[in-house]
Each structure stands twice: as C-alpha cells, then as structure tokens.
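Written out below as structure tokens is the structure these notes cover.
The values are calculated or read from the model by the stated rules, or taken from the named source; none is laboratory data. The structure presented is a predicted model; accordingly, all values stated were derived computationally and were not measured. Glycine also receives a Cβ, built like all others from the backbone with ideal geometry; neighbour counts cover every protein chain displayed.
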C-alpha cells in the first residue's frame, strides 16, 4: 500500500510539473511574440512536451487560456484585492482594492497586454480567461458600489449602477495601462490617480 501511495503521489507531482511547464511556456511565448497568434504546437515545443499533452492537460486551446488566466491571478497576488474589498469601510475598500489591482496588473503587464489585445482577434479562445477575470471584477465593483450607498458614502445624485460603472472603468487593465505605460507612471502613482478618480467621482 505505501508503494502504491508513493507512486500515485509521484504521478500527481509529475502531472503538476508538466502543467506548470506548459503554463510557463505559454507566458514566455506571449511575452516573446505578442503580435503572433498563440500556437499550441509552439507552446508544446517550448515546454518540452508533445502537442497532444497540452490538449490532454487543458482540453483545448481555450482551456489553456482559461488556466493561464487563473494562474496569473494566483501568481500576481489576486488575494490582496479580495482582502481589500473585505475592509469594513467601503471607501478604504475601494482605495486599497485599486492599489492591489495596480500591483496585480503590473506584475504581469506584458502578458496581460497581449491577452487583452488578442481578445478582439480570437474571442472564442480567450472567452474563458476573460470570464475568469472580468466576471469577478464586475461582481466586486457592484458590491463596492452597493456598500458605498448603504454606508452613506456615495455622492448625492449618483446611483449604485452609475457608481459600479465608474468603478468598472477605474479598475480596468486598460485604464491602468494608459497611466502605467502611456503616461510612464510607476505603480504607486497609478494607484493614487485611480483612487483620486474614484474619490472625486463618487465620494459624498
């Protein structure tokens, strides 16, 4: 029995290592060739596995992108955003969530930029990755908007729906990258600008 258990553990570890090799090869391919369509065959070659192994592990090209999206969130500290959203004061939650989001975006900016750019060209393949990230972001901003309203922090005349729309914009990768890359600001400066936008638009 111990030998069998050891064999199962070794197989599980090997499978996880293969999965991580493929994900790392995917990230590196997106960094190295951001304007080229992602080739599963090239990813497999870079990862040192057979093309069929990629499909065995992830099911499809879309499945690979979805797993990549989840992996990026885990690697870049997405937990910090969730922790910030849970702060007791909604204003602090918004400010700290934007700061955490800026750090997440900056950690894998090149890969994120490529994925967002590819979305317009290959939406079917990217749908899973986008839903993984954007559905959670939308729900989070809606909850924060409701909390601002419930705590009496929302500016008069601004509805919960309008507040959620503002938070959606200021928390987006596109807005972050306009400041980070387009304006050349560092992460802290970007976070401060995003927080200022939210405060001036929404705070009572």
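Entry remark, the stretch 43-65: residues being farther than 19 Å from residue 110 by Cα and assigned to a helix (DSSP H, G or I) number 14 in total. When 138, 112 are checked against the criterion of being in a helix (DSSP H, G or I) and buried (at least 17 other Cβ atoms within 10 Å of the Cβ), 112 stands alone in meeting it. Quick check on the stretch 74-109: of everything there that is in a loop (DSSP other than H, G, I, E, B) and either in contact with a helix residue (DSSP H, G or I) (Cβ under 6 Å, 6 or more places away or on another chain) or modelled with pLDDT under 90 (or both), which residue is surrounded by the fewest Cβ atoms within 10 Å (Cβ to Cβ)? The selected residue is 77. Among the residues making up the stretch 155-204, those that are outside any helix (DSSP H, G or I), out of contact with any strand residue (DSSP E or B) (no Cβ under 9 Å at 6 or more places or on another chain), surrounded by 14 or more Cβ atoms within 10 Å (Cβ to Cβ) and in contact (Cβ under 8 Å) with a residue 40 or more places away in the chain are 158, 171.
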